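The block underneath contains the structure these notes are about, expressed in structure tokens.
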Amino acid sequence: MTDDVIVAAGVEKRFGRTEVLRGVDLTVPRGSVVGLLGTNGAGKTTLIKCMVGLLRVAGGQCRILGDDAWSLSPETKARIGYVPQVISFFPWMRVRDLVRYTASFYPNWNEELCGRLIRDWEIPADQRAGTLSVGQTQKVAIVLAVAHEPDVLILDEPAAALDPLARRQFLQLIIDIAGPGQRTILFSTHLTADLERVADRVAVLKSGQVTWSGLLEDLKEQTHLNLEESFLEMHHA
């Protein structure tokens, strides 16, 4: 049995004549926390959507927990948590009803964890989803993604709209979730300082290809630079 929970092998994706992913190869080992770095337009969101089965690849293959990403079994879907970059809820639903609705799909829903995060993050449970601020919406999406305690958590720019306090709480949540080494986390971000706090591995996506992937410490040792400086050097290379 492989220890690679997510495998992208020669992944290609295009929209019309625009080639977005050009033979992406990336593996995510079990129990790792991987930060996916790349500039706007590098293909991060497209790659993540291919990984969770929201987009069908034009070439190559994406596999997650042993399943082909495009044809995930219900059992595998129940083991995955996902926060998209663009979050859309039923605007008329109150947060507490949205939680109940989402919980109905997951047999392992952790009510205590969900309730604690809503309290700690000061999420207004009685408020309608359509009236939440961007930051509140992102908080709710994170709670819904982690409350069923998934084996794999995939997040696309999860802290982009969070204020400094909320971002710190989010990073601590990632540390707590990843602590035992049983869960695998992949998240894209522009915030290299955040990534350095929680990730043990990093992958750099440039022009639709992974140009570097490995241990964060190996990257810093190889370049003798911090993560932000390393990323800028690779981007301009």
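Taking each DSSP H run with n ≥ 4 as -39500 (n - 2.57) and averaging over every residue of the chain yields -10000 deg cm²/dmol at 222 nm. Accessible surface of Thr46 in the full protein assembly, 1.4 angstrom probe, to the nearest 10 Å²? Surface open to solvent at Thr46 totals about 20 Å². When the alpha carbon gyration tensor of the range 53-124 is reduced to an equivalent ellipsoid, the three semi-axes, largest first, read 29, 15, 11 Å.
Rank Thr18, Thr137 by accessible area, highest first, at a 1.4 Å probe radius? Working shown, then result.
Numbers: Thr18 85, Thr137 25 Å².
Most to least solvent-accessible, the answer reads Thr18, Thr137.
Among the trypsin sites (Lys or Arg not before Pro) in the range 1-94, those located in a DSSP loop and surrounded by at most 16 other Cβ atoms within 10 Å of their own Cβ are Arg17, Arg56. The residues of the chain expose, per residue, 49 Å² of accessible area to a 1.4 Å probe.
Shown for the range 152-237: the carbon plus sulfur share of the solvent-accessible area, taken with all protein chains present and a 1.4 angstrom probe, equals 49%.
Taking chymotrypsin sites (Phe, Trp or Tyr not before Pro) in DSSP loop states with no more than 13 other Cβ atoms inside 10 Å as exposed sites, the chain has its longest site-free stretch at 106-237.
Axis angle, to the nearest 10 degrees, between helix 227-236 and the longest C-alpha principal axis of the chain: 50 degrees.
Take Ile175: with every protein chain present and a 1.4 Å probe, its accessible area is about 60 Å². For the chain, set up a GNM with springs between Cα atoms under 10 Å and report which of Leu191, Leu47, Leu205 has the largest fluctuation. Among Leu191, Leu47, Leu205, the largest GNM mean-square fluctuation belongs to Leu191. Computed over neighbours whose Cβ is under 15 Å from that of Gly53, the net charge equals +2, Lys and Arg +1, Asp and Glu -1. When the scattering of the chain is computed by the Debye formula from its Cα atoms alone, each counted once and equally, what is log10 I(q)/I(0) at q = 0.17 Å⁻¹? Evaluating at q = 0.17 Å⁻¹ gives log10 I(q)/I(0) of -1.32.
Show Asp156, Asp3 ordered by accessible area, largest first, where the area counts protein heavy atoms only and the probe is 1.4 Å.
The ranking, largest first, comes out as Asp3, Asp156.
The values are calculated or read from the model by the stated rules, or taken from the named source; none is laboratory data. Please read all numbers here as calculations on a predicted model, not as lab measurements. As a convention, Cβ positions derive from the backbone with ideal geometry for all residues, glycine included, and neighbour counts pool all protein chains shown. These area figures cover heavy atoms from the full protein model, side chains too; ligands, DNA and RNA do not enter into them. Shrake-Rupley method; radii C 1.70, N 1.55, O 1.52, S 1.80 Å.
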